[in-house]
Amino acid sequence: MSEHHTHTSEEHGHGEHASMSKGKIWKVFFILLFITVIEFIIALWAIPGGHMSQSVGNYVYIFLTLLKAFYIVAYFMHLKYEKLGLQLSLTVSFVFIIYFIVLMLIEGGYLHLHMPKV
């Protein structure tokens, strides 16, 4: 009456997630901590001390924030262990969303500057 099914790790994809060990979690934690420390050094020492301009600091912040977002999404949200198709679809969607946000900010600034005041 009852059938016995054997489940392998390949069948459910759990074998790939097993590589996220405590050591890997700590490694990613210290990478994120290091990036955060760099951001604090820039915010509290480099920019106020005149070692870095505000505009360069903004670009560095954006880069470091995107790097932290990559580590969080890849390792803690397990996107790194998903299939390539899902990774690409999420990445392309994210890029288009950012692109449209930038376009809306540019257009919003244009309308603010060039529309007659009512």
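Readers should treat all values here as calculations from the given coordinates under stated rules, not as data from a laboratory. Everything quoted here is computed from the prediction, not taken from an experiment. Cβ placement follows ideal geometry from the backbone for every residue including glycine, while neighbour counts extend to all protein chains displayed.
Taking 0.36 nm per residue of separation and subtracting the current Cα-Cα distance, fully stretching the chain between F96 and V73 would add 6.5 nm. Computing FRET efficiency as 1/(1 + (r/R0)^6) for L88 and F29, where r is the C-beta to C-beta distance and R0 is 30 Å, gives about 0.65. With the simple model of a label 7 Å out from the Cα in the direction of the Cβ, H114 to L66 spans 2.7 nm. By the rule of a C-alpha distance below 16 Å, with chain neighbours fewer than 8 residues away ignored, the lysines paired with K80 are K24, K27, K68.
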